[in-house]
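Colleague: Can you keep this structure in mind? I'll have questions shortly.
The values are calculated or read from the model by the stated rules, or taken from the named source; none is laboratory data. Computed from a predicted model, the values in this text were never measured in an experiment. Cβ placement follows ideal geometry from the backbone for every residue including glycine, while neighbour counts extend to all protein chains displayed.
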Amino acid sequence: MDRPFMLLVDDEVSFVETLCKRLEKRNMKILAAFGGQEALVILGKNRNLDVVLLDVKMPDMDGIETLRKIKKDFPLMEVIMLTGHASVETAIEGMKLGAYDYLMKPCDIAKIVLKVEEATQKKRNHLEKIKEAQVREILSKHGLE
């Protein structure tokens, strides 16, 4: 699998900087956003992203609102919610809205890597199925199936 291309969204600058460095060392390509609005702008410019790692608690637009907008505008995007102990219910709400999974902060780097790789594979498999269906449809229209 090509290395995952992800967006990390969290308002804690030191957390983002540290996690980006640790994930890059594990062969991940990462962009960072420090809020929901910034994340949506970055997603609009980088449609080839595989996964969004999204903090639940952020001041400008919380993770649930950001997730809703991501799923509306980028329905195939896989989103993993990051949550503290106080907001597990919110993370579960995120799962109901289409998040791939959620992770508790602080989280083991190996677990983050595993979840990102799984979510990346899910998205890429989904895209492959769509492409195959489109090819079958085109072939069928031209009587080549």
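Colleague: Could you grab the pairs with beta carbons closer than 8 Å, sequence gap of 6+ or different chains, first residue in the stretch 15-26 and assigned to a helix (DSSP H, G or I), second one among the aromatic types (Phe, Trp, Tyr)?
Modeller: Filtered contacts from the stretch 15-26: 16/34.
Colleague: Considering each of 50, 10, 55 in turn, give the residue that is free of Cβ contacts under 8 Å to residues at least 60 places away in the same chain, surrounded by 19 or more Cβ atoms within 10 Å (Cβ to Cβ) and not hydrophobic (A, V, I, L, M, F, W, C).
Modeller: 55
Colleague: When residues of the stretch 98-125 are filtered for being part of a helix (DSSP H, G or I) and either at pLDDT below 95 or closer than 14 Å to residue 19 by Cα (or both), how many remain?
Modeller: Of the residues in the stretch 98-125, 6 are part of a helix (DSSP H, G or I) and either at pLDDT below 95 or closer than 14 Å to residue 19 by Cα (or both).
Colleague: For the stretch 73-88, name all the residues that are over 15 Å from residue 100 (Cα atoms) and either under 15 Å from the mean Cα position of the chain (by Cα) or not polar (S, T, N, Q) (or both).
Modeller: Matches in the stretch 73-88: 73, 84, 85, 86.
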